[in-house]
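Nothing in this text is a laboratory measurement; each read-out follows from the coordinates by a stated rule. Source: prediction; values computed, not measured. A quick note on method: Cβ atoms are made from the backbone with ideal geometry, for glycine too, and the neighbour counts reach across all protein chains shown.
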Amino acid sequence: METLDILIIGGGPIGLNCALEAQKNNLSYLIIEKGTIVNSLYNYPLYMRFFSTAEKLEIDGIPFISTAPKPGRQEALEYYQGITRQRNLNINLYEKVEKVSRENDLF
Ligand SMILES: Cc1cc2nc3c(=O)[nH]c(=O)nc-3n(C[C@H](O)[C@H](O)[C@H](O)COP(=O)(O)OP(=O)(O)OC[C@H]3O[C@@H](n4cnc5c(N)ncnc54)[C@H](O)[C@@H]3O)c2cc1C
């Protein structure tokens, strides 16, 4: 059985950021995501615009270039999906975590 330092449940912006931190600290990790990358954002209304500026939506200091001060859904999808690809993050898509249980020191 493979053991990991960190299991990240959910490949939203926070899960991706956790994975980037794990990578930087040489920790083994896997993201398990029940849908696609940044699934919540994917399910936003098509022409939805964030209330946050692009800068506030950045993760790991990676510049988020947007054509407008407040980015739209499509730009955000491209930003987070691009990071996942470029940084080669370990992510299993379309897998849902149904239960987490503990066995001695392992979850
Ligand atoms: C219309 C709208 C506009 C918004 N605008 C802004 C904004 O301008 N600025 C802002 O900061 N925030 C905004 N938000 C909130 C925004 O969605 C969150 O800030 C952001 O998505 C949080 O990221 P997260 O990674 O914590 O959670 P999420 O993006 O929700 O990611 C959680 C992930 O976990 C996955 N998941 C859940 N359960 C499981 C499971 N059991 N197994 C596997 N995977 C699972 C989900 O599919 C999802 O991809 C907005 C939200 C909405 C709905």
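Summary table below
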| read-out | value |
| --- | --- |
| Set of lysines with alpha-carbon distance to residue 24 below 22 Å, sequence-local pairs under 8 removed | 56 |
| Förster radius 35 Å - calculated FRET efficiency between residue 56 and residue 105 (Cβ-Cβ, nearest 0.05) | 0.40 |
| Cα-only radius of gyration and Dmax that characterise the range 1-62, units Å | 13.7, 44 |
| Highest-MSF residue in the chain out of 44, 29, 79 [GNM, Cα springs under 10 Å] | 44 |
| Rg ratio (alpha-carbon, reference 2.2 N^0.38 Å) - the chain | 1.16 |
